[in-house]
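Asker: Starting off with a structure, shown below.
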Amino acid sequence: MITLNGIGASPGIVVGKAALIRDREIELTHEKIMPEETAQEIERFDAAITKAKEEIKVIRDQAEQNIGSEEAAVFTAHLMILDDPELVQGVVSKIKNELISAENAVNEVVKNYIEMLSALDDEYIKARVADIEDIGQRLLLLLTGTEKTNVELDKETILIAKDLSPSDTAQLNADLILAFATQSGSRSSHTAILARCLGIPAAVGLGEKLLEVVTEGDIIIVDGNDGVVIVDPDQTVLKDYQRKIEMEEKEKLRLTEYKHKSATTADGLRIKIMGNIGAVNEADAVLKNGGEGSGLFRTEFLYMENEESLPSEEQQYLSYKAVAEKMNGKEVVIRTLDIGGDKELASLNLACEENPFLGYRAIRICLDREDIFKPQLRAILRASVFGDLKVMFPMIAGLEELRKALYFLNEAKQELKNEEIPFKHDIEVGIMIEVPSAALMADTLAKEVDFFSIGTNDLVQYTLAADRNNEKVSAAYNHYHPAVLKLIKIVADAAHNNGIWVGMCGEASGDELLLPLWVSFRFDELSMSSVSILKAKEIISLWSAKEAELLSEKVLTADTATEVKQLLASASKDNS
Ligand code: PEP
Ligand code: MG
């Protein structure tokens with residue numbers, strides 16, 4: 001029995017047989033070419049690029065259908081990399097100047113790229129090395145005519161690999177994968193993202209030993225909660241884990257009782273529990289998990305699907321109409337384009353900025369680009385007659401911005417009226433509160449909108465000056481911080497004092513410890529990852545609003561995030 005420790009990337013425990021995916025062997029000969037052969041090699045390289053693009057487009061469509069827009073966007077990034085002049089020119093000049101074959105030139109350029117990125121001290125960029133490796137591998141396979149390793153599975157297995165490339169993962173039959181375990185990877189690697197999307201347990205970053213000790217068909221345990229893999233477990237350990245699995249299954253089954261129940265406290269306070277989505281088909285997961293609608297539709301993923309052009313008004317209208325119809329009368333809050341920051345949009349060609357989160361982002365871009373904003377607003381309005389759609393502006397920092405956004409919305413309404421196109425005239429309009437200035441001005445802003453939704457992912461980073469994507473400051477980025485909680489309370493109170501409803505759609509909304517606090521703040525709705533919905537419904541129903549208020553009084557006097565967390569943990573009613 002061998003135990004390996006890594007990172008828990010997707011929760012759940014599984015026992016099964018291992019299926020190994022080994023790196024493909026590509027043989028390169030290192031002979032020099034003749035000067036007159038360079039043109040032919042460049043032609044072979046161009047042909048490989050064209051073929052690689054065709055393959056990637058097919059995979060992107062598969063990913064879009066099987067997984068969702070977020071994963072499909074990875075392949076749009078691959079296409080962009082294949083157009084990168086540094087890569088293309090680098091290969092061509094190596095062929096010309098060093099008189100080497102196209103495959104040797106690709107191999108060297110890709111290796112240099114990877115070395116350069118791996119040296120950077122940035123987890124996100126390191127995770128992107130997998131994309132470059134994937135592209136390099138694809139080009140080399142095409143240039144050398146090497147057969148691909150078959151990653152098709154014919155029975156349920158646990159996938160063991162160095163790291164799965166985005167193309168591998170998008171093509172796998174998810175129904176046959178019990179779990180993933182990979183040698184490299186981080187929580188933000190594609191294997192991890194995919195596993196969480198599909199609800200498959202995964203442990204990553206297990207180290208080189210993984211591929212040394214596991215052989216095809218070995219019995220292994222993957223514990224995606226703690227990032228542990230046990231190879232060839234002895235009977236006692238196996239029994240122990242089987243008991244844990246049984247408990248997890250019971251827990252999942254038990255929670256399904258909340259699917260059709262509302263989240264209502266013992267003394268009758270009802271909070272709507274919703275799911276966040278980034279693509280139309282993600283609405284299915286929300287409904288399956290008992291979500292009462294979607295409090296956040298991140299529309300930017302629709303924009304990321306095509307690297308050449310922005311989605312037309314018509315394309316957007318069809319997506320918003322489809323989601324409204326899927327939700328069948330349940331509320332869907334459509335957030336207008338929130339691009340910039342860490343989300344790039346190829347078709348917009350945004351310049352690199354030193355502080356992208358503090359820069360040209362979200363509503364700032366939309367207010368500057370009527371040609372982008374107006375079609376989106378028209379599309380949302382047109383789709384509003386097919387269900388309960390609401391419109392929400394991201395990253396509002398103050399009243400002037402809000403008024404400008406409302407001005408464009410009214411213009412869009414006027415245009416549709418003139419064109420005699422139907423729309424819901426009194427569609428509800430809200431703003432995300434994710435900038436501290438907006439939280440402090442909530443009382444003023446509340447007078448001009450129908451609702452607020454607190455985006456804690458950004459509110460935390462802007463309040464605590466801690467980049468939400470920077471591993472090095474992850475300790476400083478903490479949603480239990482008293483300053484964050486105070487701002488949230490200001491917003492919730494301002495909303496209610498002005499007679500509007502308030503929700504939360506950042507990650508903190510589904511935090512099991514914080515739920516009683518949200519009860520005490522009387523949130524009207526909480527929108528979270530689909531997988532958190534059932535548990536949130538249960539926890540809320542274990543509390544009374546009165547008890548939650550008593551706890552809240554204590555928590556709001558705490559001076560540190562640690563103290564807040566301790567108070568919440570010791571009051572937790574969750575004994576599952
Ligand atoms: C947030 O900031 O909390 C939010 C929900 O928006 P996003 O994560 O898309 O920035
Ligand atoms: Mg945000």
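Throughout, read-outs are computed from the coordinates displayed, never taken from laboratory work. This one's a predicted model, so the numbers in the text were calculated from it and none came from an experiment. Cβ atoms come from the backbone with ideal geometry, glycine included; neighbour counts cover every protein chain shown.
Asker: Which residue is surrounded by the most Cβ atoms within 10 Å (Cβ to Cβ), if the candidates are limited to the range 337-351 and must be within 12 Å of ligand 2 (Cβ to nearest atom) and not aliphatic (A, V, I, L, M)?
Answerer: My answer is D338.
Asker: Quickly run through the range 493-509 and pick out the residues that are crowded, with 24+ Cβ neighbours inside 10 Å and within 16 Å of ligand 1 (Cβ to nearest atom).
Answerer: V502, G503, M504, C505, G506, A508, S509
Asker: I've got another one for you. Could you pull out the residue among L459, L445, L485 that is of a type outside the set (S, T, N, Q) and in contact (Cβ under 8 Å) with a residue 60 or more places away in the chain?
Answerer: Sole residue among the options that is of a type outside the set (S, T, N, Q) and in contact (Cβ under 8 Å) with a residue 60 or more places away in the chain: L485.
Asker: Moving on to the next point. Within the range 352-375, track down each residue that is within 16 Å of ligand 1 (Cβ to nearest atom) and either surrounded by 13 or more Cβ atoms within 10 Å (Cβ to Cβ) or part of a helix (DSSP H, G or I) (or both).
Answerer: Once the filter is applied, which keeps residues that are within 16 Å of ligand 1 (Cβ to nearest atom) and either surrounded by 13 or more Cβ atoms within 10 Å (Cβ to Cβ) or part of a helix (DSSP H, G or I) (or both), the range 352-375 yields P356, F357, L358, G359, Y360, R361, A362, I363, R364, I365, C366.
Asker: While we're looking at this one, here's another question. Hey, any hits in the range 232-240 for a residue that's within 16 Å of ligand 2 (Cβ to nearest atom) and either β-branched (V, I, T) or in a strand (DSSP E or B) (or both)?
Answerer: Looking for residues that are within 16 Å of ligand 2 (Cβ to nearest atom) and either β-branched (V, I, T) or in a strand (DSSP E or B) (or both), one finds none in the range 232-240, hence no.
Asker: What number goes with the only condition from (1) surrounded by fewer than 21 Cβ atoms within 10 Å (Cβ to Cβ); (2) assigned to a loop (DSSP other than H, G, I, E, B); (3) within 16 Å of ligand 2 (Cβ to nearest atom) that N457 does not pass?
Answerer: (2)
Asker: Can you tell me which of L416, L402, L409 is within 20 Å of I454 (Cβ to Cβ) and either away from ligand 1 (no atom under 16 Å from the Cβ) or among the charged types (D, E, K, R) (or both)?
Answerer: Answer to the selection: L402.
Asker: Only one of (1) under 25 Å from the mean Cα position of the chain (by Cα); (2) touching a residue at least 40 places away in the same chain (Cβ under 8 Å) is not met by Y477, so which one is it?
Answerer: So Y477 meets the others, but not (2).
Asker: Moving on. If we scan the range 58-70, do we find a residue that is surrounded by fewer than 17 Cβ atoms within 10 Å (Cβ to Cβ) and over 30 Å from D284 (Cβ atoms)?
Answerer: no
Asker: Got a sec? Which of T236, T265 is loosely packed, with under 13 Cβ neighbours inside 10 Å and among the polar types (S, T, N, Q)?
Answerer: After ruling out the rest, the residue left standing is T236.
Asker: Quick one: what pairs do we get from the range 319-345, first residue over 14 Å from A383 (Cβ atoms), second among the aromatic types (F, W, Y) and assigned to a loop (DSSP other than H, G, I, E, B), C-beta under 8 Å, 6+ apart or different chains?
Answerer: From residues that are over 14 Å from A383 (Cβ atoms), the pairs are G340/Y360.
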